[in-house]
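Data block below; observations after.
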Amino acid sequence: MKTFKPLLALAAAALAPGLAHAQGNVTLYGIVDASIEYIKSGDNKATRLQSGGLTQSRWGLRGTEDLGNGNRALFVLEGRFNVDDGTQVGGQFFGGRSVVGLSGRWGTLTAGREYSPIYDLKIRSNAFNVAPYSTSQVLMAAGVSRTDNAVRYDSPVWKGLRAGLFYSLGAESTTQGKMGRHAGAAGQYQRGPLYLGLAWNRVDVLNAGVHATNEWMAGGSYDLGRAKLYLSYWQFRTDNGAAPDARVGLWTLGASFNVTSSGRLLGSLGLLDASRPAAASGNDARQITLGYEYDLSKRTTLYAQYSHVANKAAANYQLSRFANSGVGTGSVSDPTAFQVGMRHSF
């Protein structure tokens, strides 16, 4: 952390002349989120201060430049951090997103550390978005969110339809050229209260007998006014070469209900089934998550959340990356967690 403040000061000093010249086209933004959590799984339990209970804490810079004829240059530099101890998430200074690109009537093209299009569906078809207690983070933990060395194209919106294409050069290994390469695509539709999406993502792994992983997702939501309904299906498959392939499927149902103009109740149910290989059949999991959010203002939210995961057989799904007990015994513990916290955006 000794390098964080000097690097931040250096970035600010370097950008200061540009800020004045760009006349407000560079924006500093962020989220600070902290919660107090009680979590228990078998013999393991803890009460702790957590960072990012609702949304991962972050800060970033984004800007645009008008190039004329409806075209713009753009950049986004976003870092993630832990409020509880001040450290960077994953040790990356701009680990959230770091891209440069162009946009216009033809669409948007970005390059750098970027989100996969399937991540858009994980956000928009889940009542809890990608919060730590959401199925997106717990039961879909094997999936992909963002990756390095990537290029992404998003089409313009046409009658509610939008397409996204994604490709990453992966680890750029000199010995295994395809190691870590990603390819993805998504189609999304938004018209009035209805949202629908379909996405696919593939990662070339090339180690430990695994050739690649593939994930598919279909999801949507419908806004009824005071209530909003969510439904998605996600499938994750590991292509293991000579060994049998592994596959899991997950249904997630969710809803939110506006109790008042400032407060809302949320609920989600996840049903995960492991169908392949035969030896892993039965390693299923069920997750229920309940929450309440109250907006003190447009930028400040108080929240409370409860979640429970039922692991079946040798399934080992965790909450908040908290270790379960009984791993390797064929009877893994079922984690339960509760948290209250506050999120502030700027």
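The values are calculated or read from the model by the stated rules, or taken from the named source; none is laboratory data. Treat the numbers as computed from the prediction; the structure is a model and nothing was measured. Quick reminder, even Gly has a Cβ in these numbers, built from the backbone with ideal geometry, and neighbours come from all protein chains shown. SASA here: full protein model, heavy atoms, side chains in, ligands and nucleic acids out. Shrake-Rupley method; radii C 1.70, N 1.55, O 1.52, S 1.80 Å.
General remarks:
- The condition of being loosely packed, with under 14 Cβ neighbours inside 10 Å, closer than 22 Å to N129 by Cβ, touching a residue at least 24 places away in the same chain (Cβ under 8 Å) and hydroxyl-bearing (S, T, Y) holds for only one of S232, S262, S256, S268, that being S262.
Yes/no per residue for (1) among the polar types (S, T, N, Q); (2) open to solvent by 70 Å² or more (accessible area, probe 1.4 Å):
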| site | (1), (2) |
| --- | --- |
| G164 | no, no |
| G187 | no, no |
| R191 | no, yes |
| N201 | yes, no |
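- With respect to the conditions (1) in contact with a Gly (Cβ under 6 Å, 6 or more places away or on another chain); (2) farther than 23 Å from L102 by Cα, A141 lacks only one, and its number is (1).
- When segment 173-183 is limited to residues that are part of a loop (DSSP other than H, G, I, E, B) and in contact (Cβ under 8 Å) with a residue 12 or more places away in the chain, the one that is farthest from D204 (Cα to Cα) turns out to be Q176.
- Residue selected from segment 298-319 under the condition outside any strand (DSSP E or B) and more than 18 Å from A142 (Cα to Cα), by the criterion least open to solvent (accessible area, probe 1.4 Å): A313
- V130 vs. criteria part of a strand (DSSP E or B) and open to solvent by 20 Å² or more (accessible area, probe 1.4 Å): no
- Verdict on G170 being open to solvent by less than 20 Å² (accessible area, probe 1.4 Å), assigned to a strand (DSSP E or B) and closer than 30 Å to D273 by Cα: no
- A274, sole failed condition from (1) within 30 Å of A246 (Cα to Cα); (2) in contact with a Lys or Arg (Cβ under 6 Å, 6 or more places away or on another chain): (2)
- Hey, S155 closer than 29 Å to G101 by Cβ, without any contact (Cβ under 8 Å) to a residue 12 or more places away in the chain and either open to solvent by less than 70 Å² (accessible area, probe 1.4 Å) or not charged (D, E, K, R) (or both) or not: no
- Within segment 279-301, tally of residues that are modelled with pLDDT under 95 and farther than 16 Å from G330 by Cβ: 0
- Any hit, segment 329-346, residues being of a type in the set (G, A, S), surrounded by fewer than 16 Cβ atoms within 10 Å (Cβ to Cβ) and within 20 Å of P132 (Cβ to Cβ): yes
- Scope segment 286-296; condition farther than 21 Å from Y38 by Cβ and either touching a helix residue (DSSP H, G or I) at 6+ places or on another chain (Cβ under 7 Å) or open to solvent by less than 60 Å² (accessible area, probe 1.4 Å) (or both); matching residues: D295
- At least 3 residues being closer than 17 Å to R146 by Cβ and open to solvent by less than 20 Å² (accessible area, probe 1.4 Å) is the threshold, and among the strands (runs of 3 or more DSSP E) wholly inside segment 27-105 those reaching it are 71-80.
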